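Asker: Handing you this structure, nothing more for now.
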Amino acid sequence: MPRPPKRVTIADVAAKAEVSLSTVSRVLNGNVTVDPAMAERVRAAAAELDYSASPLARSLVLGRTQTIAVVVPDLGNPTFQEILRGLSRAAGTAGYHVLVADSAESVDEERVLALTTRRRTDGVVLCAPRMDDDALAASLRELSPVVVVNRDVDGAPVVGADYRSAFAEILTHLHGLGHRRYVFLSGNPRSASNAARVDAITAFADAHAEVEITQLPCGVDVDSGARVAPEVRASGATAVLAYNDLVAMGVMGVLRRDGVRIPEDLSVTGFDDIPFSRWTSPTLTTAAVPAEDLGARAWEAMQDLLTGAPAEPAAHWLRPVVALRESTGPAPS
């Protein structure tokens, strides 16, 4: 049985280039202090021998795992899946792996997961953290380097969506259709994006005395929307502001089953513009969150922290784009 070909090692490159092992290591890891002529000799030897460092060896040399952790509150939510897709693709291009942890909307679990995964990785991305401000501030000091997605904090780079502006635009759209009685199906009360929606509602109600907006505690998934459908119907509202598309789909499914016409009897809006929202019946008015772009930008911020590159602005906010579809129409007379 023929022997497998011998793996080219860093010692082979050093011998070929007639330099020390440490010189080869510094050149291949981007150390700019090596004499340019010597560095070029090392790169030429590595290319001629078709040398590539093993991930494990590279990690040992750099003192890094080449892995970052991402803690999300709910992997079942398509928006978080899109954020992860953008982040993992960008990180993969840079030679990094992504370790994903799901806190299942548990604040206690979230902090434990973040601290545990940080010990095994080079940095942590906290995606829409639910913990309170004091706990988050304390965690940021322990987790560094850390990037935060969809939560405005001090002490770490932030990338997020401007939920308040887009939600205000949806409110204005419904008002223009003649709606004056709304019901808001709220999400997780610890969620910063839920707080942004509430802020938009408060400002809108203050500016429109003729408007009545009722808030119903709901949740973040299809079952939550289905569960509150009877309360929605009893509220007398002509327009429903669902926390997200999943909640909107749940409430629409039950209401339509019970004979409520959408939008003739009741208009319904979602938020996030997950792929399913374009295929509901009727199609769902919502706001498209640039989730994949958020993930890619989160990686860029993390990469800057890992490489010591000049810091970008502390917070970068992207505005969702409202998509007007069939689920909203004129208020019933």
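Asker: Return the distance in nm (one decimal) between the two label points of a simple spin-label model at A15 and E142, each offset 7 Å from Cα along Cα→Cβ.
Answerer: In this crude spin-label approximation the distance works out to 5.0 nm.
Asker: Let me ask another. Select from T285, T121, T23 the residue whose mean-square fluctuation is largest in a Gaussian network model of the chain (Cα-Cα springs shorter than 10 Å).
Answerer: Per the Cα network of the chain with a 10 Å cutoff, T23 tops the list.
Asker: Continuing with the same structure: What's the extension gain from R7 to S333 if we count 0.36 nm per residue and subtract their Cα-Cα distance?
Answerer: 109.5 nm
Asker: Report relative contact order for the chain in percent, whole number only (criteria: Cα-Cα under 8 Å, sequence separation at least 6). Each step should come with its number before you reach the end.
Answerer: Numbers: 622 pairs, mean separation 56.2, N = 333.
The normalised contact order for the chain reaches 17 percent.
Asker: Another one. With label points built 7 Å along Cα→Cβ from the Cα atoms of D154 and A323, find their separation and express it in nm.
Answerer: 3.9
Asker: Moving on. Using mean Cβ contacts within 10 Å as the protection proxy, how do 246-258, 88-100, 200-212 order, highest first? Could you put the intermediate results ahead of the total?
Answerer: Working: 246-258: 21.5, 88-100: 15.8, 200-212: 14.0.
Top to bottom by mean Cβ count within 10 Å: 246-258, 88-100, 200-212.
Asker: Using a Gaussian network model of the chain with C-alpha springs under 10 Å, which one of S25, S224, S281 is most mobile by mean-square fluctuation?
Answerer: The residue with the greatest mean-square fluctuation here is S25.
Asker: I've got another one for you. Select from segment 235-287 those chymotrypsin sites (Phe, Trp or Tyr not before Pro) which occupy a DSSP coil region and have at most 11 other Cβ atoms within 10 Å, ordered by residue number.
Answerer: When the chymotrypsin sites (Phe, Trp or Tyr not before Pro) of segment 235-287 are filtered for loop state and at most 11 Cβ neighbours within 10 Å, W279 remain.
Asker: At a 1.4 Å probe radius, carbon and sulfur cover how many percent of the accessible area of the chain?
Answerer: The nonpolar share, carbon plus sulfur, comes to 53 percent.
Asker: Rounded to whole Hz and in sequence order, give me ³J(HN,Hα) for segment 267-284 from the Karplus expression 6.51 cos²θ - 1.76 cosθ + 1.60, θ = phi - 60°, writing x for Gly and Pro.
Answerer: 8, 9, 10, x, 6, 2, 6, 5, x, 5, 5, 7, 10, 6, 10, x, 5, 9
Asker: Same structure, new question: From Cα coordinates alone, what are the radius of gyration and Dmax values for segment 92-207 in angstrom?
Answerer: Looking at segment 92-207, its Cα Rg and Dmax stand at 17.4, 55 Å.
Asker: At 1.4 Å probe size, what's the solvent-accessible area of L75? Round to the nearest 10 Å².
Answerer: Near enough 60 Å² of accessible area.
Asker: Once the Cβ-Cβ distance between Q215 and S106 is put in as r, and R0 is 22 Å, what FRET efficiency do you end up with, to the nearest 0.05?
Answerer: Given R0 = 22 Å and the Cβ-Cβ separation, E is 0.40.
Asker: Can you give the accessible area per residue of the chain, in Å², using a 1.4 Å probe?
Answerer: Values: 16140 Å² over 333 residues.
So the chain comes to 48 Å² accessible per residue, rounded to a whole number.
The values are calculated or read from the model by the stated rules, or taken from the named source; none is laboratory data. Just so it is clear, the model here is predicted, and its values are computed rather than measured. For neighbour counting, all protein chains shown are included, and Cβ atoms are generated from backbone atoms with ideal geometry for every residue, glycine included. Ligands, DNA and RNA are excluded from the accessible area calculation, which covers all protein heavy atoms including side chains. Shrake-Rupley method; radii C 1.70, N 1.55, O 1.52, S 1.80 Å.
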